[in-house]
Amino acid sequence: MAHYSIGTASADDMALMRSWAVDEGWNPGVGDIHAFHAADPSGFLVGRLDGRPVSCISVVRYESHFGFLGFYIARPEIRGQGYGIQIWRAGMTWLAGRNVGLDGVVAQQENYRKSGFALAWNNIRYEGALAPAAVPESVELVEARSMPFDLLAACDRRFFPARRDAFLSCWIGLPGRHALVAVREGRIDGMAAIRPGSGAARIGPLYAGTPQIAAALAGELARRSQAATVAIDVPDRNRAAMALVESLGLRPAFETARMYTKGAPEIDMAGLFGVASLELG
């Protein structure tokens, strides 16, 4: 009889999980796994069948009250045999007592509802070419790495329900990435990052006080990275963000449901033009 075991992912396992995500068509960012691991080294599980990795899940803990679930993958050859639900249950046990968020692909959304998740909004991935946009008057775009980190962390905290300093530090600092902040009247009024992906370059997060600032940040990031095409995961609850990406000529390519077990957290949704990651929130 085959033996199935679940344990914490190794560095090699993390690379394998990324390749599985590529196989699923999710276009993970290059280097993302390094920032993911920094967020919670114990928050990535792998299921092995007779020692061979066949399933995975990420269950990252943020502070004491929040968690985010992603990377829920069972390899095609073992689906329908109960192995996927076993690693799901192990992951949910790891996050017990927290408000848990996830971005659910269409095929799994009904199963997530049965597990106690409720819809908060949809994240729609928009893709296409971006041209530079005018920087609004009195706004300056500044390299994020040149800013005091506590200011960057405070900005991120407006749009995410828990501190994630280790993740954020890696996210903007990894090689091959660009990150900018929009400074207006001495304060941060926007922040964004771009990283290469398996397909289109991924912009996220994209925070901005106005659509014009969001367009300026995204356009400048595309220019600096020389990205032929970009992808932004846009929350459909932000109608201004939806209108912006459509006005820029980007087109929908992929959709997930942002769901939570204890209700949508209070964040600055009006300024959230693009989420950082569908895997970690």
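Here are a few things to note about the model shown:
- Considering only the Cα atoms of region 4-100, their convex hull presents on average a projected area of 6.0 nm².
- When peptides 2-15, 68-81 are ranked by their average number of other Cβ atoms within 10 Å per residue, the highest-first order is 68-81, 2-15.
- Taking the number of Cβ atoms within 10 Å of each Cβ as an exposure proxy, the fewest-first ranking of Met242, Met269, Met191 is Met269, Met242, Met191.
- Full-extension gain in nm, Ala166 to Arg187, via 0.36 nm per residue minus C-alpha separation: 5.3 nm
- If you bin all the Cα-Cα distances of region 57-206 at 5 Å, starting from zero, the percentages per bin are 2, 7, 14, 16, 16, 16, 13, 8, 5, 2, 1, 0.
- Added length on full extension, which subtracts the Cα-Cα distance from 0.36 nm per residue, Ala96 to Ser19: 24.9 nm
- Sorted by Cβ neighbour density within 10 Å, fewest at the top, the residues Phe117, Phe149, Phe273: Phe149, Phe117, Phe273
- Near Tyr126: Cβ cut-off under 11 Å, other residues only, Lys/Arg at +1 and Asp/Glu at -1. The net charge is -3.
- Charge dipole of the chain (Cα centre as origin; +1 on each Lys and Arg Cβ, -1 on each Asp and Glu Cβ, all else neutral): 440 debye, rounded to the nearest 20.
- Estimated from helical segments only, the mean residue ellipticity of the chain at 222 nm is -8500 deg cm²/dmol, where each DSSP H run of four or more residues counts as -39500 (n - 2.57).
- Rh by Kirkwood over Cα pairs, then Stokes-Einstein D for the chain at 0.692 mPa s and 37 °C, µm²/s: 172 µm²/s
- Long hydrophobic helices in the chain: none of the complete DSSP H runs spans 24 Å or more by Cα along its own axis with mean Kyte-Doolittle hydropathy of at least -0.5.
- Working ranking of peptides 118-124, 37-43 by packing, defined as the average number of other Cβ atoms within 10 Å per residue, highest first, is 37-43, 118-124.
- Convex hull projection area averaged over all views, region 125-274, Cα basis, nm²: 8.7 nm²
- Whole-Å distance, taken between Cα centres, linking region 30-52 and region 54-70: 10 Å
Laboratory data are not the source of any read-out in this text; all were calculated from the coordinates shown. All values derive from a computational prediction rather than experimental measurement. Cβ: placed from backbone, ideal geometry, glycine included. Neighbour counts: every protein chain shown.
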